[in-house]
Amino acid sequence: MATLVFNLHPAQTEIHDHLARFIIVAAGRRFGKTVFSVIRCFEEALAAGNARGVLYDDSSEVIYVGIDREQAKRNAWPYFKKFAEAIEDSTGLKIRLLEKTSLIELPPELGGCRIRLLGMDDPDAARGMKLRFAVLDEYADMPPRVWPEIIRPALMDCKGGALFIGTPKGRNHFYEIIER
């Protein structure tokens, strides 16, 4: 597998080193939530397994979920392309980037995982997936049922992790998981 080195600021490093399965980052603009999330997506996609003893196969995926796919693509896709290029440069292997569907396919030599950008304007589109990791970007603006009914069950096969990121917006379902 490829070894990647990223320059994280101290707060990102503290979050990165946390051992929890589900991590919540409620921070203001310019903290670096999106860049950090993209890094975590690649780390999970390149991993052979997780800390909970699950060895991954190439049927599991990593997803980056935005309020809608347009928002996810606008905010995160440029970073996904940049880091994919860096991985290609360091490994000499070609990563397939499908612009139209916002899908990244790692080559078999790197584990063959797919990273997919999704939007929760149609939450049921994520049903039935086998996930090793999920990022929920601006979870406060998603329907409350997204996590308990769709994403969390999809993480069960792999005992996958999740990263909730967002800017606090009052007392809603994002606030509730922060309080828990």
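Taking a ≥ b ≥ c as the square roots of the eigenvalues of the Cα gyration tensor, the stretch 52-110 is classed as oblate, since a/c reaches at least 1.5 and a/b does not exceed b/c. With both labels modelled 7 Å from their Cα along Cα-to-Cβ, the Thr101 to Arg180 distance reads 3.2 nm. I need the shape label for the stretch 67-160. Rule: rounded when a/c is under 1.5, else prolate if a/b > b/c, else oblate, with a, b, c from the alpha carbon gyration tensor. Oblate, because a/c is 1.5 or more while a/b does not exceed b/c. Between the Cα long axis of helix 33-46 and the first principal axis of the chain there is an angle of about 50°, rounded to the nearest 10. Using the 1.4 Å probe convention, the accessible area of the chain works out to 50 Å² per residue with neighbouring protein chains retained.
About its Cα centre, the chain has a charge dipole of approximately 260 debye under the convention of +1 per Lys or Arg Cβ and -1 per Asp or Glu Cβ, with nothing else charged. In the chain, Cα pairs under 8 Å separated by at least six residues give a relative contact order of 30 percent.
In order along the stretch 60-72, the phi-based Karplus estimate (6.51 cos²θ - 1.76 cosθ + 1.60, θ = phi - 60°) of 3J(HN,Hα) comes to 8, 10, 10, 10, 10, 10, x, 4, 9, 5, 4, 5, 4 Hz; Gly and Pro are listed as x.
Relative contact order of the stretch 1-74, taken over Cα pairs closer than 8 Å and 6 or more residues apart, is 26 percent.
Roughly speaking, what is the centre-to-centre gap between the stretch 161-180 and the stretch 122-154 when only Cα atoms are used, to the nearest Å? If you average the Cα positions of each part, the centres end up 14 Å apart. Note on Ala86 and Arg52: the extension gain reaches 9.4 nm, defined as 0.36 nm multiplied by sequence separation minus the Cα-Cα distance. Using the rule -39500 (n - 2.57) for each DSSP H run of four or more residues, divided by the residues of the chain, the 222 nm mean residue ellipticity is -9000 deg cm²/dmol. Which of rounded, prolate or oblate describes the stretch 6-79 when judged by the alpha-carbon gyration tensor and an a/c cut-off of 1.5? In terms of gyration-tensor shape, oblate.
Peptide packing for 112-120, 126-134 was compared via the average number of neighbouring C-beta atoms within 10 Å per residue; ordered from the highest value, the list is 112-120, 126-134. Summarising the strand pairing of the chain, around 25 percent of its internal DSSP beta bridges are antiparallel. Distant-in-sequence amide contacts of Gly119, defined by a placed amide H-H separation under 5 Å and a gap of 5 or more residues or a different chain, comprise Gly66, Arg69.
Of the solvent-accessible surface of the stretch 41-156, computed with a 1.4 Å probe over protein heavy atoms with every protein chain present, carbon and sulfur atoms account for 51 percent.
The values are calculated or read from the model by the stated rules, or taken from the named source; none is laboratory data. The model shown is predicted, which means the values in this text are computed figures rather than measured ones. Because the Cβ atoms are built from the backbone with ideal geometry, glycine has one as well, and the counts that use them run over all protein chains shown. Just the protein is used for accessible areas: all its heavy atoms, side chains included, with ligands, DNA and RNA removed. Shrake-Rupley method; radii C 1.70, N 1.55, O 1.52, S 1.80 Å.
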